[in-house]
1. Just for region 32-56: of the residues that are open to solvent by less than 30 Å² (accessible area, probe 1.4 Å) and of a type in the set (Ser, Thr, Tyr), which one is farthest from the chain's Cα centre (by Cα)?
2. Can you report the number of residues in region 153-167 which are open to solvent by less than 60 Å² (accessible area, probe 1.4 Å) and in contact (Cβ under 8 Å) with a residue 24 or more places away in the chain?
3. Being in contact with a helix residue (DSSP H, G or I) (Cβ under 6 Å, 6 or more places away or on another chain) and touching a residue at least 60 places away in the same chain (Cβ under 8 Å) is the filter here, so list the residues in region 236-249 that pass it.
4. Looking at region 168-187, which of the residues that are surrounded by fewer than 17 Cβ atoms within 10 Å (Cβ to Cβ) and of a type in the set (S, T, N, Q) is farthest from the chain's Cα centre (by Cα)?
5. Tell me which of these His132 doesn't satisfy, since it passes every other one: (1) open to solvent by less than 60 Å² (accessible area, probe 1.4 Å); (2) assigned to a loop (DSSP other than H, G, I, E, B).
6. Please work out which one of (1) surrounded by fewer than 20 Cβ atoms within 10 Å (Cβ to Cβ); (2) touching a residue at least 12 places away in the same chain (Cβ under 8 Å) is the condition Ala197 fails and give its number.
7. Return the total of residues in region 327-341 being under 20 Å from Gln43 (Cα atoms) and out of contact with any Gly (no Cβ under 9 Å at 6 or more places or on another chain).
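The values are calculated or read from the model by the stated rules, or taken from the named source; none is laboratory data. What you are looking at is a predicted structure, and each value in this text was computed from that prediction instead of being measured. With ideal geometry, Cβ positions are generated from the backbone for all residues, glycine too; neighbour counts draw on all protein chains shown. For accessibility, only protein heavy atoms count, side chains too; no ligands or nucleic acids. Shrake-Rupley method; radii C 1.70, N 1.55, O 1.52, S 1.80 Å.
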Amino acid sequence: MEYSQYNVNALMYITPRPELVFTEGSGMWLTDHKGKRYLDYLQGWAVNCLGHSPQCIQDALVKQSKTLINPSPAFYNAPAIELATMLTENSCFDRVFFANSGAEANEGAIKLARKWGQKNKNGAFEIITFDHGFHGRTLATMSASGKPGWDTIFAPQVSGFPKADLNDIASVEKLITDKTVGVMLEPVQGEGGVLPASREFMQALRELTKKHNILLIVDEVQSGMGRTGKLFAYEQSGIEPDIMTLAKGIGGGVPLAALLCREEVACFVPGDQGGTYNGNPLTTAVGIAVLKALLEEGFLASVQEKADYLSKALLKLSEQYGLQGERGEGLLRALKLGSDIGPQIVEAARNMEPVGLLLNSPRPDLLRFMPALNVSIAELDQMIDMLGQILQQVKK
């Protein structure tokens, strides 16, 4: 089928898209309407943690779809209970609320923190967030984000989100007032350019929030579910937050998200929170399959091994082509280009023949890499080789 035969104008325009339609995916590979294959280092923006259409997700969807899809969140269902139990048994949290997207989970975290502030902090409601942070596209989560320009797109903003600087504990402390109920951050700022919070900063933040009796909220929508080489990124710092949000990888490509908290923070009452599809058996059955795969012996260790391999390979490219190094945690990494050639590289990579390469440039001076966590060494080598060919052309 030719591209012109697809009525793409039936879709609302929200972003420029290349003239191709993907029709099939397997592992690290996508295939378009012409049969061209692409090595995919976006993976749905870190969503497909086990790659495209992994067997365990296929099996979970088929099996559960034949049993029960959605009895309504007014009732318990077995997959939701099982997944919640697995999450609490493998984290420092006690309670789970399932949602459908990262923005919805983060919106729930904001509501939960404000409710806790009403009950325990004389109505405190402000949540300190960070410049360059990204928490979603609802009005509240856009207001919580520190993405440049987002304060005016849908003005007026939701108030109550003063901004601090990542890895600067003094910038956080000076914003704390009697209105402060919590601090919310991504352990690795993905959209901001793959900027990790340091171990020392995370530990100091935990001490500061405990000192002032305010909540520490970690947005692990992108950094959670094995992405950093630990099941959750907060584990890298040896701390225990009060609230955590998950999405992307938890569903392996299926819309699933989660809001987790400690028992003493779980203060919602009936009517405060809900959602028609939340915690339905179909998606939570997939979440169980994904989490079981991540918890298999040696899986997370292999993520870190491949992360080290990718880091060294990117550093070698950087030295070879006069770039500015790389950074990141686990298999969420960025190559610092030193000039605004990111979009040019993305387009050239996609247009390579006979096989294309899908890359992401969240800022024009860097590339972000979000491969499946089970990417092979051969697929890492292939990407590095293809990227090297492009850099050789662009850096002439």
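1. Per the stated criteria, the residue is Tyr38.
2. Of the residues in region 153-167, the ones open to solvent by less than 60 Å² (accessible area, probe 1.4 Å) are 158, 160-162, 164, 166.
Still in the running and in contact (Cβ under 8 Å) with a residue 24 or more places away in the chain: 160-162, 164, 166.
Result for region 153-167: 5.
3. Our first condition is that a residue be in contact with a helix residue (DSSP H, G or I) (Cβ under 6 Å, 6 or more places away or on another chain); within region 236-249, this holds for 237, 239, 241-243, 245, 247-248.
Those that are in contact with a helix residue (DSSP H, G or I) (Cβ under 6 Å, 6 or more places away or on another chain) and touching a residue at least 60 places away in the same chain (Cβ under 8 Å): Pro241, Asp242, Ile243, Thr245, Ala247, Lys248.
4. Thr177
5. Just one mismatch for His132, condition (1).
6. (1)
7. Of the residues in region 327-341, the ones under 20 Å from Gln43 (Cα atoms) are 327-335.
Adding the requirement that they be out of contact with any Gly (no Cβ under 9 Å at 6 or more places or on another chain) leaves 328, 333.
The number of residues fulfilling the criteria is 2.
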